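Okay, structure first, notes after.
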Amino acid sequence: MELSAQTKAASMTPQQDDKRSSFRITINSTVKLKADSSLGIPSQTYNAQTINLSEGGLALALDSKTDLSSPLLVEFSLKDVPMQFQGEVVWRKVDNGKSYCGMRFTQKDEYQENILKRFLFTNDEYILNQIKDLKAKDKETSDNIKLFFIKDLKMFIEELIVLEQHIKNKTMSEDAIFEKLNKISDEIVKKGDNLERQIGIGMLTKKIRDAFRFFTGPWGLKSKILERAFTKPHGYRGDYMLMEMLYHNKPFSEGIGIYYDKYLQNNPYSIAVRGRRKKITELLRDNLRKINLPSVNVLNLGCGSCPEIKDLFDSFHPKNNFNFTCIDFDQAALDSSKERLKSLPENIKIKLQKENVVNLMKSQKEAGILGEQHLVYSFGLADYLPYRVLKYFISTAFSLLLPEGKLIIAHKDIEKYRPLAPEWFMDWVSEPRKVNDFIKLVEDSGIKDYSFNIEWEESNVIFFLVITKKG
């Protein structure tokens, strides 16, 4: 669905390592440095000892003063796991007769990257450095923040590492893995929510969630659903492809990503999203079949890929003409709609229009070019609109209605369910409103002479406000 402004996802990837800025943790491991013979360099082996480690490289103490060439193969062990990286020397120094150098990893495959993260992300020194700026005004809250990361989140990551090994080695049933991942994921977001309630909404809360996603990203981002929701490749939350993934209700990923796909698809909010599609189709059918006119105009605001229109006319076969105007600013969503709706009957006309809906609805005069409508609807957009914007959105949409026309807007009820997993793992957040908040907002929008009723999708998480313009 369309949003009014593009957002840029915060990075889950640490900054590129360099000697000055990258945090390093102290380790002690024997290292072998080998000239890479595959590159035509005569093979030699040098012994060294690690001093510290970061995601980008190692600092080493050499057995003797030696002139190292680059590139080199770097071999050492992390928690008894043998590691081999290609690296290059980026600095050298001699101190009290001892030789030291810094190595930058120039190539890491996914396996090596995962081993490094497993080691670093369960190291207290590394964790504390990453969260050093997450401090509240009072010491008790600051201590609780620190405890959340070095105790609760660290334990969660350790359990993810164990689960990933079970998946790799096939030593645990798929059902048991899914049950365990569900349990530990629900527990960690509830603990995060408890911490957030203590702190209150604000920039510190946002930074805590960002840090949470930084640490959990190596596992969560293996889910294609979570990855798309977080990275927002079309620049906004809840794009049409993410919706399609949730509608299909099947995993798209591999490894632990399969289980996070299932976890997110079985989340109550995802279930409600599927119910929302079903309910809007039902509301369209019930209201449109009552209009006994030769031609009926329908406006879809923030249309996405229009799955509900295809659903509607799969079971509804009217004789009169229907003229749908479907507006979205995402060209890919409109292209998907065009493909999906290409086989509709001739009496169903679809006009796909690329516009920023929110900007268009700022002015009743500008929106008036859309013409008078028998029904206007929007689902999946209002959740993201702040109070002031949603007020003029409702007012302008209502102004387009003919007498007895309907305006249908969907919104989730924060009182019924708060989507903690989407908020914490995916940065998929929306405006928190209750039904009564929404009704009050409609009253404040300035529209007159209307009646309304409330409908719910089957899980009772998302409601539909159906506003009727009096004749």
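The values are calculated or read from the model by the stated rules, or taken from the named source; none is laboratory data. All values derive from a computational prediction rather than experimental measurement. Note: ideal-geometry Cβ built from the backbone for every residue, glycine included; neighbour counts use all protein chains shown.
Summary of computed values
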read-out: Candidates ILE439, ILE394 - the one that is under 30 Å from ASN266 (Cα atoms) and of a type in the set (A, V, I, L, M, F, W, C); value: ILE439
read-out: Filter pass, LYS180 being touching an Asp or Glu at 6+ places or on another chain (Cβ under 8 Å), in contact (Cβ under 8 Å) with a residue 40 or more places away in the chain and assigned to a helix (DSSP H, G or I); value: no
read-out: Those residues of segment 199-224 which are surrounded by 15 or more Cβ atoms within 10 Å (Cβ to Cβ), of a type outside the set (Ser, Thr, Tyr) and without any contact (Cβ under 8 Å) to a residue 60 or more places away in the chain, in sequence order; value: LYS222, LYS224
read-out: Residue count for segment 125-158, restricted to those that are within 13 Å of PHE215 (Cβ to Cβ) and in contact (Cβ under 8 Å) with a residue 24 or more places away in the chain; value: 15
read-out: Meets criteria (assigned to a helix (DSSP H, G or I) and modelled with pLDDT under 95) for ARG197; value: yes
read-out: Residue that is aliphatic (A, V, I, L, M) and either over 16 Å from TYR259 (Cα atoms) or not assigned by TED's automatic domain parsing to the domain that holds PHE212 (or both), where the choices are ILE150, ILE167, ILE184; value: ILE150
read-out: Verdict on ASP413 being surrounded by fewer than 17 Cβ atoms within 10 Å (Cβ to Cβ) and of a type in the set (D, E, K, R); value: no
read-out: Some residue of segment 229-237 being in a helix (DSSP H, G or I), under 26 Å from PHE464 (Cα atoms) and outside the structural domain of PHE379 (by TED's automatic domain parsing); value: yes
read-out: Count of residues meeting criterion [within 19 Å of SER337 (Cα to Cα) and buried (at least 21 other Cβ atoms within 10 Å of the Cβ)] in segment 247-273; value: 1
read-out: Single residue of segment 381-419 satisfying the filter (among the small types (Gly, Ala, Ser) and not in a helix (DSSP H, G or I)) that is farthest from ILE467 (Cα to Cα); value: ALA410
read-out: Of all residues making up segment 316-334, the number that are surrounded by fewer than 14 Cβ atoms within 10 Å (Cβ to Cβ) and within 28 Å of the chain's Cα centre (by Cα); value: 1
read-out: Index of the failed condition, GLU88 passing every other in (1) within 17 Å of LYS222 (Cα to Cα); (2) at pLDDT below 95; value: (1)
read-out: Top-ranked residue of segment 433-447 - restricted to ones that are β-branched (Val, Ile, Thr) and out of contact with any Ser or Thr (no Cβ under 7 Å at 6 or more places or on another chain), ranked as surrounded by the fewest Cβ atoms within 10 Å (Cβ to Cβ); value: ILE439
read-out: Helices (runs of 4 or more DSSP H) contained entirely in segment 99-161, each with at least 3 residues that are aromatic (Phe, Trp, Tyr); value: 110-121
read-out: Test result for ARG418, in contact with a helix residue (DSSP H, G or I) (Cβ under 9 Å, 6 or more places away or on another chain), basic (Lys, Arg) and crowded, with 18+ Cβ neighbours inside 10 Å; value: no
read-out: Given (1) within 23 Å of the chain's Cα centre (by Cα); (2) of a type outside the set (Phe, Trp, Tyr); (3) within 20 Å of GLY56 (Cα to Cα), number of the condition ASN129 does not satisfy; value: (1)
read-out: Single match in SER378, SER430 (criterion: closer than 30 Å to GLY257 by Cβ, touching a strand residue (DSSP E or B) at 6+ places or on another chain (Cβ under 9 Å) and surrounded by 18 or more Cβ atoms within 10 Å (Cβ to Cβ)); value: SER430
read-out: Test: ILE188 is aliphatic (A, V, I, L, M) and more than 29 Å from ILE177 (Cα to Cα); value: no
